[in-house]
Amino acid sequence: METFKDVIAGDQLVLVDFYATWCQPCKMMHPILTQVKDVLGSTIRIIKVDVDKYGETASLYRVQSVPTLMLFRRGEVLWRTSGVVQKADLLATIDPFLTR
């Protein structure tokens, strides 16, 4: 079974959405992330991490509010933010990391 560390350690760009099921802004992020995946396809992997189920992972990355989005490659945090990010802003943020 693939672990969180396995996923973020690869060469592929990984966008992690730390969320909670009870969080309304987190629910707003779901369709935005779907649209981003539709645009970027296989150039990025998007995973969701429930902070209530995986509190240890959330704590390791100092996630204090949800949603928190983090961009990883080779285990390195390239970017992070908290709160709802609109599709255009998220695509603009991710774009420079796609060319590496």
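Rule-based calculations on the coordinates, nothing more; no lab input. Everything numeric here is computed off the predicted structure, so don't read it as measured data. We place every Cβ from the backbone using ideal geometry, glycine too, and count neighbours over all the protein chains shown.
Counting other beta carbons within 10 Å of each Cβ, put 74, 80 in order, fewest first.
Least crowded to most crowded, the residues run 74, 80.
List every residue whose amide H lies under 5 Å from the amide H of residue 79, counting only residues 5 or more places away in sequence or on a different chain, with H placed 1.01 Å from N in the peptide plane.
Correct list: 71.
Using the 10 angstrom Cβ neighbour count as an exposure proxy, how do 7, 51 rank, fewest first?
Neighbour counts put them in this order, fewest first: 7, 51.
Residue by residue through region 42-48, what is 3J(HN,Hα) from phi via Karplus (6.51 cos²θ - 1.76 cosθ + 1.60, θ = phi - 60°)? Round to whole Hz and write x for glycine and proline.
Per-residue couplings from phi come out as 7, 6, 9, 10, 10, 10, 10 Hz.
If one puts a single equal scatterer on every Cα of the chain and applies the Debye formula without solvent, what log₁₀ I(q)/I(0) results at q = 0.15 Å⁻¹?
After summing over all Cα pairs, the log10 values are -0.55.
Arrange 19, 54, 61 by Cβ neighbour counts within 10 Å, fewest through most, would you?
Ascending number of Cβ neighbours within 10 Å: 54, 61, 19.
How long is region 21-76 along each principal axis, judged by its Cα atoms, biggest number first, in Å?
Cα spread of region 21-76 along its principal axes, largest to smallest: 30, 30, 15 Å.
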